[in-house]
Every structure is written in structure tokens, then in C-alpha cells.
1. Among the residues of region A:297-313, is any among the acidic types (Asp, Glu), under 26 Å from B:Met112 (Cβ atoms) and either part of a helix (DSSP H, G or I) or without any contact (Cβ under 8 Å) to a residue 12 or more places away in the chain (or both)?
2. Consider B:Gly89 against the criteria (1) outside any helix (DSSP H, G or I); (2) within 30 Å of A:Ile256 (Cβ to Cβ); (3) free of Cβ contacts under 8 Å to residues at least 60 places away in the same chain: it satisfies all of them except one. Which criterion is unmet?
3. Condition test on B:Ile87, is it buried (at least 19 other Cβ atoms within 10 Å of the Cβ) and either under 20 Å from B:Gly218 (Cα atoms) or touching a Gly at 6+ places or on another chain (Cβ under 6 Å) (or both)?
4. Does B:Arg107 satisfy being more than 19 Å from the chain's Cα centre (by Cα) and of a type in the set (D, E, K, R)?
5. What residue, of B:Leu206, B:Leu271, is within 13 Å of chain A (Cβ to nearest Cβ), in contact (Cβ under 8 Å) with a residue 12 or more places away in the chain, buried (at least 24 other Cβ atoms within 10 Å of the Cβ) and of a type in the set (A, V, I, L, M, F, W, C)?
6. Just one of the numbered conditions (1) within 14 Å of chain B (Cβ to nearest Cβ); (2) modelled with pLDDT under 80; (3) buried (at least 18 other Cβ atoms within 10 Å of the Cβ) is not true of A:Ala299; which one?
7. Going by what's in this entry, would B:Val82 be described as outside any helix (DSSP H, G or I), within 14 Å of chain A (Cβ to nearest Cβ) and either surrounded by fewer than 24 Cβ atoms within 10 Å (Cβ to Cβ) or on the phi > 0 side of the Ramachandran plot (or both)?
8. Please verify whether B:Ala98 is under 18 Å from the mean Cα position of the chain (by Cα), surrounded by 23 or more Cβ atoms within 10 Å (Cβ to Cβ) and small (Gly, Ala, Ser), treating the condition exactly as stated.
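The values are calculated or read from the model by the stated rules, or taken from the named source; none is laboratory data. Note that the structure is predicted; figures quoted are calculated from it, not measured. We place every Cβ from the backbone using ideal geometry, glycine too, and count neighbours over all the protein chains shown.
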Amino acid sequence: MRFMFKTDYEDDITLFPHSGYIVTYGVLLAFLLIAPFVLSSYIVSQLVFVFIYATVGVGLMILTGFTGQASLGHAAFLAIGAYSAAYLQQFNVPFPVYFLVGGLLTGVVGAMVGFPALRLQGIYLVIATISFAFIVEEILARWESVTHGNEGMRVKALQLLGTTVSRDSPSFYYLCLAVLFLTIIGTLNLLRSPTGRAFVAIRDSETAARSMGVNVSLYKVKSFAISAAITGFAGVLFAHKLSFISPEMFTLQLSIEFIIVILIGGAFSPHGAVLGAIFIVMIDPFLTYLKDDLPVIIAGIAATFGADSITAGKIHGNVAAIASANGLKGAIYGVIIVLFVLFEPLGLYGRWLKIKLFFQLFPLYKRATFKRQKIYVKSERNR
Amino acid sequence: MLDFVQQLVSGIALGCVYGLIALGFVLVYKATEVVNFAQGDLMMLGGFFAFTFIGMLGLNYWLGFAGAVIAMALFGMLAERVVVRPILGYPQFSIIMATIGLGYFLRSVVGMIWGTDDFKIETPFSDGVLRIGSLVLAYDKLSVIAATVILCALLYLFFNRTTLGTAMRASSENMLAAYYMGIPVKRVVSIVWAISAAVATAAGVLLAPITFIHSNVGLVLGLKAFPAAVLGGFGSIPGAVVGGVLIGVIESMAGFYLPQGWKDVAPYIVLLAVLLLKPEGLFGVHLRKKV
């Protein structure tokens, strides 16, 4: 096992605590850079969605994971980014300009949501963000001169440096990868700055943060603005990837998917956003796989255990009926959310850290290391 | 003027449904400080149970109603035992996510079992109308209003006059202290989930003649019930019903007098306004944390 001796504060906040980090992340980055040339175009396309979802996940994590302000309205921020891109594109505004405008505009809207949210806590904030998202969705459907209402808007392929970057090209893949990379680096740097420290302080205890001189209101609004801006940037890419946007894409369902991203990945580290994004994007191909292959596999297993061909055929039919039932995705989502909340609140990344620690400390690992504290006395109503 | 009264009555009837769902939120919130995002889906499931008993098995309406309420009360206890109890004491957000997950699961499973069509339950109030002058009131809407008033009164008395109700309020304030006082907190939480599922079922069955039941009805109406609960002040039983009625009337008036599109957002605009101006709601109590 590795012992890390920290002799000053710089050691504690460094981005790469030891050389192992540079090697592993370097290998990962190198793999992602050559990925468009070695992987199939389908997987590359899915990877682009992973990057976009992970960018939103990191944005949401700044607000929910680090500042402790829950939001179920991030689909609205994504929509604002996507629609501002689609709208500005009509006037031949160059991509870098509307990319920045989309993000900054969303950030301003985020700050505007942040001000009223200052007075709200816990469930009230969740409900308020849901309402905000509903209102945005309705505005998108009704403000037809700008958004074309329910007909939706086409988004042309983006123009960058005089060339056309189609949504399936490797260049678009690199663009999304670059945005995600910059977002993660930016977030890590934010977290080791006074602003990030203030966010975490507010999450852990607002009263304590205030008594330490943290301007809680200012930092909450900042957190909203930064989180919304990142989501807005992702929204511009999202619009280009889908090439068509309409109000019914940005529903509560999508906001919940974003929350699932950080819930399943783990809301305390950008690793979590990436893992959660991989999960959310891959669940659809996985379900298709279930529909096609699972009945055959299970019938095969039954046959090897001595079932005759008629029984095996019946099993095949039953499994196929279950696997292709409508709404299976919803049930799987539901079960997975509940299981993660009950058994692994730190998410996939938390599970990875536990496994790593188990081997590092073997045989001295104690389960209590990661035990959550239950609080039965504090009523969240009185604050 | 007649139009206005007609809109008012249908708004009140719709609002009573919101109020009934909001009552479920408030009950769970009062006893455990937890917001059950699956409340609307419990209502939907209750409606489907009643549909199975009345429409498919051919039971008498009242018998089927009672059967659905009992079945759902047991289901509420089960849901509490499996999903909520292990995470009591953790931050609210965990529990919100768990109930969102439960809602997903219920919608999807109901869709698989009963299909995604609209269903209708034959009730004794289905067709009749009450005429007062030129005002026409449908019995099904009146039945919702009457049931809401009765349930609200019963629950209010239960919470404020009975020992069990007091125990519930105590365990909401501070579970540990309530436990030290000899209150069986686990059983109290279990009972409150049963009651809230039963109230949700009543809402679902009464609603069935007005807006048919389908697997997504709970999501749609449940989200409209939030503004109702917040407007009334989360945690106040009469507040939930008053808030529900106000939201219902606002929605129905906005649908009639304002351009298209306002009907759906009006409740949320009201909700945001309430949260900004008076976050504790009309009937809520404002408390501050002491350090």
C-alpha cells in the first residue's frame, strides 16, 4: 500500500496526488483519443451521448453534490442551451459565438432561479425547480415565433473553422470530449479554490458556513449559475447531436435521468458523473440485448438441465414476453434507483473506492469505514 | 355569471381531487418529515385495484371500494417496510429519490399488468345530475367534494384529538425523543403509510368517473397536488384541502378566461409565487432552527 505524506497545503489540494494518477488517466485519455478509429460508429455515437450526459452530470453535481441544493429542473437548463443554439444558428452566427452565448445565457437564467431559491430548503427547493422546469417547457411550446412550438426546430450541422462537422463525425466526438475534459478540469480546480470550499461548507452545514464568514446567498447563486452554465454548454452539443429539438424532449423525465446519473455514479466526484452517464446511456442497448438474446440463453440453460423441448420452448416464450413488455425500462429504472438509495448511496464510484480500499487494507478492512450516520433527532423543518 | 359558477364548481371538484392527493402528502409529511413522490402513483394503483374488483370481478361498488382501500392500506405498509424504513434518518433527498423510484416501478408494472388503455369504473354517481335553477351539477363531482370534506374532517380530528394522532405528530418533530417517550415509532410510521395509501385509493376511485384511470394519471395529478400541498402549508390537513381547491379553481378559471397554455402552468406560477412570498403556506407554521 502507498503512504502519502503531506507536508503542506499544496500537497493536499494538488490535482494529481501521485504519479499513478497521471499514468491511469493518461492511458484513459489516449484510449479515448484513438477510440473513433478502433470502435464501431454505433459505440462512438453512444460515447458522444455519454460525454454530453456526463457534462450535465458534472454541472448538476456542483449544485446538488457539492453545494447540497437539490434540483429536478436541469432539463430546463439543457433546453435553454439547446434552443438558444438553434435560434442563433438561423442568423448564421458562428458556432463559437452561439456556444458561448448558449452557456452564458443559461448561466444568467440559472442565477435568476438561484435568487428566489435562496429562501427555499430541501423539498421546497425540489418542488420549485420542478415548477420552473414545467414553466420553461410550456414557454417553449407556446413561444412559437422563437421556438416553433411543438413542431420543434431543426439544428443544422455545425460549422467550425470553415468546415462542416457532422454529428457522427470523429471531429464532433473530439469536440464533446474536449468540452467534458475542460468541464471536469474546471470543476476540480473550482473545488480546490475558495469558492469550491465555500460550496462544500454550505452543503455540510449552512449555519456553520455562515458563522465562518461564508456569504451563503452569494455562493448559492454562484453555484446555481455555474451549474446552469455547464448544463447550457452541454445543451448546445445536445441540440447538435440530436439535430432536431422539440419541447417534449425536455421533460421532468429527463431531469430525473440527470439526477439518476449522479445518484448511480456517486454525487461526490466527477468520476461518478461519468460512470452514471455510461449507465444511463447504455441501459437502452442493454435492454435491446435482453429482448433479443436473454430468452435464447435461458431456454438453453433450461435445456441443459434436462427440460424437454416443449418446456424449453415455453420458457423461451415466457422470458421473451417479459423482456419485451412495454415499460420494462421504467420498472428497471425504479428498482435500480431504490436499490442504489438503499444499499449504495455513494454510487458506483463509491463502490469502486470501497473495493480498492478493501485490497489496500487487506485483511484489516472494516465495513464501518463508510457507514452513514443516521440522524433521528434533527427535523429538517426547523431551520 | 352562470359560466363563472359552473367553472367554479368544476374547479372545486377538480381541486378536491388535488386536495385528496395532497392530504396523502401531508399525512406522510406530518408523521415522518418525508415527502412521498409516489403518492399519485399509489392513487393510480388504488384506482386499478378498484377497477379489478368492480369492473373485472363484478363486485358491488361499495364492496369493491372497501376491498381496494384495504388492499392498498396493506400495500402502503409493505412499501413503507421495504423502501422507506431502511433509510429513515438519512437526508430527505435520499427518501425523495427512493419514492421517485417507487413511482417509476409502480407506473411501469401497472402498465405491464393492466395495459396502457384508459379504464372506467361504473359508479352509482356516474350519470345523474343535480339541477339548481339553470345550474347543472354532476353527481360524480359532488361525490368527490362530499368525500373530501368528510375525509378531511375525520383526519383532522384523528390527528388533533386521538392519542395515535398525537404520537404521529410527536414522531415527526423528533423521532428519537418520541421513541424515548414510549411511542412505537416504527409502527406509527407504518400506520401513517397505510392511512395515506387508503386516502390515495379513495381519491383514485372517486376520480375514476371524471378522468378515466390510466397508468400515468398518478404522475400528472400527483405533480398538480404539490402546489396544493405547498399553498396550504406542508403539514396542515385543512391547508391541503383548501390549497387543493384554490389550485383547482385557479386552473379551471385560467383554462376558461386566459389564452391556451395558461391552464397548465397557472398552478406552478402560483406555487412559485407562494414559495417566494410566504414559503410556510397559508396554514403553515414558521419555525426557525436554533443552533
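1. Looking only at region A:297-313, we keep the residues that are among the acidic types (Asp, Glu), and these are A:308.
Okay, now just the ones that are also under 26 Å from B:Met112 (Cβ atoms), so none.
No, region A:297-313 contains no residue that is among the acidic types (Asp, Glu), under 26 Å from B:Met112 (Cβ atoms) and either part of a helix (DSSP H, G or I) or without any contact (Cβ under 8 Å) to a residue 12 or more places away in the chain (or both).
2. (3)
3. Details: buried (at least 19 other Cβ atoms within 10 Å of the Cβ): yes; either under 20 Å from B:Gly218 (Cα atoms) or touching a Gly at 6+ places or on another chain (Cβ under 6 Å) (or both): no.
So B:Ile87 fails the test.
4. No, not satisfied.
5. Sole residue among the options that is within 13 Å of chain A (Cβ to nearest Cβ), in contact (Cβ under 8 Å) with a residue 12 or more places away in the chain, buried (at least 24 other Cβ atoms within 10 Å of the Cβ) and of a type in the set (A, V, I, L, M, F, W, C): B:Leu271.
6. Here A:Ala299 meets the rest and fails (1).
7. no
8. Spelling it out, it is not the case that B:Ala98 is under 18 Å from the mean Cα position of the chain (by Cα), surrounded by 23 or more Cβ atoms within 10 Å (Cβ to Cβ) and small (Gly, Ala, Ser).
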